[in-house]
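Asker: Below is a structure I'd like to ask you about.
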Amino acid sequence: ILHFPDSASASAQAPGKGRRCPNSLQRRRRAARHLPPLAGEQDKMNPSAHDQTTQQQKPNGRRAVGSSQTWTRYGVLLPSQQTRKLKEWVLTDEQQQVVNASGLGHLALTTGFTIDRSLLTAFCERWNNETNTAHFMGFEMAPSLRDVSYILGIPVTGHVVTAEPIGDEAVNRMCLHYLGESPGSGEQLCGLIRLTWLYRKFHQLPENPTINDIAFSTRAYLLYLVGSTLFPDTMRGFVSPRYLPLLGDFRKIHEYAWGAAALAHLYRGLSVAVTPNATTQFLGSATLLMAWIYEYIPLTQPQQKNQNTLLPRACRWNFGGTTRGQRKKVMEWRKDFEQLQLSDASANCLFYKFIPTNELLLN
């Protein structure tokens, strides 16, 4: 959490009413006049009451923090991650040991959650893609590597997770080499393969499996796991096989900084979310972002469902549950965020008193 005292005076004024929700006719008229601006640009739309205050500029040209200079989406974001089938994937004890040793085993515990799309949308509207932080009245916030480590329980240090996009021919070669099979033409698109193909082909081992059968199935599970939880993209229900070389040697998977790559992908998704005319699908780990919001902004917290300190902190929260007994709409969350003060977040700032199961995650 970053606090900027020099902008406190500009943000100390009591916030006014939030934006009214336009009807469909007003939306069409507004869209015909202009596009909603990027976060960080001068607001060209009719400002709300608290936006009418003079916007102060910092010496480096960046707008003053806490100016409430955000833009409003006209559609609720839809998370791209699809993890439902992971819980139906049958793993043997031997396969589960490999997954746990990879450093990615905790990811399976953070799947199947229901995301509060209204809260997700309202928070993303506060994001500034120039600073990679969410701007509130007088302070900024953003997830860190430490947050990723505790919330998802995966490595954040190690070798860089990097892979170039690949074409359809490379997809077939790569899948044949690392999975033993290549997807048909109907199972791949733009260098991506369907998650349903991975599940259908590899979710259950044949009778009397060979060593290769076990390796291919385990590798397919790990690809499904990282693709659906850490790196979901605009092509919902697809994953890039470009991560397969990093999953080739089971003994070295834990040496990669998967958490750092997931955080970078999340930042990219947040930047896309505040781009005019961008997709309404949210890229990146919505589970990571929602759990982080719950940890740092108490007014958003649903009921806690698990106090086991050995589990990733994402498992603590009742995702999709109501906040203080009621489910809020986007406009209500906007108003809450407009009034959010530094004390509302920092008073319950996450200090992580409990050590995760793998103490090497932060070393």
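Asker: Determine, yes or no, whether Leu299 is under 22 Å from Leu91 (Cα atoms), assigned to a helix (DSSP H, G or I), in contact with a strand residue (DSSP E or B) (Cβ under 8 Å, 6 or more places away or on another chain) and not hydroxyl-bearing (Ser, Thr, Tyr).
Answerer: no
Asker: Looking at Pro143, is it crowded, with 23+ Cβ neighbours inside 10 Å and part of a loop (DSSP other than H, G, I, E, B)?
Answerer: Judged against the criteria, Pro143 is a match.
Asker: Still on this structure, I have one more. Name the single residue, out of those in segment 250-275 being outside any helix (DSSP H, G or I) and aliphatic (A, V, I, L, M), that is nearest to Gly75 (Cα to Cα).
Answerer: Val274
Asker: Sticking with this structure for a sec: Which of (1) touching a strand residue (DSSP E or B) at 6+ places or on another chain (Cβ under 6 Å); (2) at pLDDT 90 or above is the odd one out, the single condition Gln96 does not satisfy?
Answerer: Unmet condition: (1).
Asker: Check Ala278, Ala291, Ala314, Ala345 and return the single one that is under 21 Å from the mean Cα position of the chain (by Cα), more than 19 Å from Gln81 (Cα to Cα) and either assigned to a loop (DSSP other than H, G, I, E, B) or at pLDDT 75 or above (or both).
Answerer: Checking each option against the conditions leaves just Ala345.
Asker: Something else: Can Trp317 be described as closer than 20 Å to Pro143 by Cα and touching a strand residue (DSSP E or B) at 6+ places or on another chain (Cβ under 7 Å)?
Answerer: It is true that Trp317 is closer than 20 Å to Pro143 by Cα and touching a strand residue (DSSP E or B) at 6+ places or on another chain (Cβ under 7 Å).
Asker: For segment 228-249, how many residues are hydroxyl-bearing (Ser, Thr, Tyr) and in a helix (DSSP H, G or I)?
Answerer: Count: 3.
The values are calculated or read from the model by the stated rules, or taken from the named source; none is laboratory data. For clarity, every value in this text was computed on a predicted model and none was experimentally measured. Reconstructed Cβ throughout: ideal geometry from the backbone, glycine too, with neighbour counts over all protein chains shown.
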